[in-house]
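Below: the structure, in structure tokens.
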Amino acid sequence: MGAESSSQDERYLQAATDYGPALGRLARGYEADADLRRDLEQEIHVALWRSFAGYDGRCSVRTWVYRVAHNVGASHVIRRKRARASVLVGLEALADAPDGENPEQATADRQALTRLTALIQTLNPPDRQVILLYLEDLDAAAIGEITGLTPGAAAVKIHRIKAILARRFQQGGGA
């Protein structure tokens, strides 16, 4: 059992190193509240560590990591919706403006990002999963492998979701 545990620890540590920032962004896409987001990110890491006990290499580590993260994120959203009937709130500003940046433009950019994040959070979990993976620069084939969709179906979903988000964003819609 010691060797298996060591292998599990090594796989987790490598995955956390390689995909840690992406896991944080995915948690941000699923949860607006900063405290709950930190809890969700921890849940993702615990689930990822546990999952490596059963990882058999039939898919890439990247696919495995994203699949586990999105399963935990989707479960979190479902639990939160059951726990409260109100609409999800938008995210706070995600990043401070770099030095020398125009403060008005930085504020406008943060507001636009907050609006877009709020729109993404209104999507149902499967669509949210697809667009968050797309925003992580995964292609339709990788998204299909993670979600169980065919690459063509993933590409169509991406196109449709982008069109819906763009239309709602232009209309000034939010959560």
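Read-outs throughout are calculated quantities, based only on the coordinates presented, and are distinct from any laboratory measurement. Everything numeric in this text was worked out from a predicted model, so none of it was measured. Every residue, glycine among them, receives a Cβ derived from its backbone with ideal geometry; neighbour counts consider all protein chains shown.
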(request) With r as the distance between the Cβ atoms of A141 and R50 and R0 = 30 Å, compute the FRET efficiency 1/(1 + (r/R0)^6) and round to 0.05. (result) 0.65
(request) Compute the relative contact order of the stretch 101-175 as a whole-number percentage, counting only Cα pairs closer than 8 Å that sit 6 or more residues apart in sequence. (result) 37
(request) Quickly rank 53-66, 31-44 as a protection proxy: mean count of other C-beta atoms within 10 Å, highest first. (result) 31-44, 53-66
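Rounded to the nearest whole Å³, what is the per residue volume of the convex hull around the Cα atoms of the stretch 1-86?
Residue-normalised Cα hull volume stands at 97 Å³.
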(message) For a Förster distance of 35 Å, can you work out the FRET efficiency between the beta-carbons of V61 and I164, rounded to the nearest 0.05?
(response) 0.65
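What ranking do K157, K162 get, fewest neighbouring Cβ atoms within 10 angstrom at the top?
The most exposed by this proxy come first: K162, K157.
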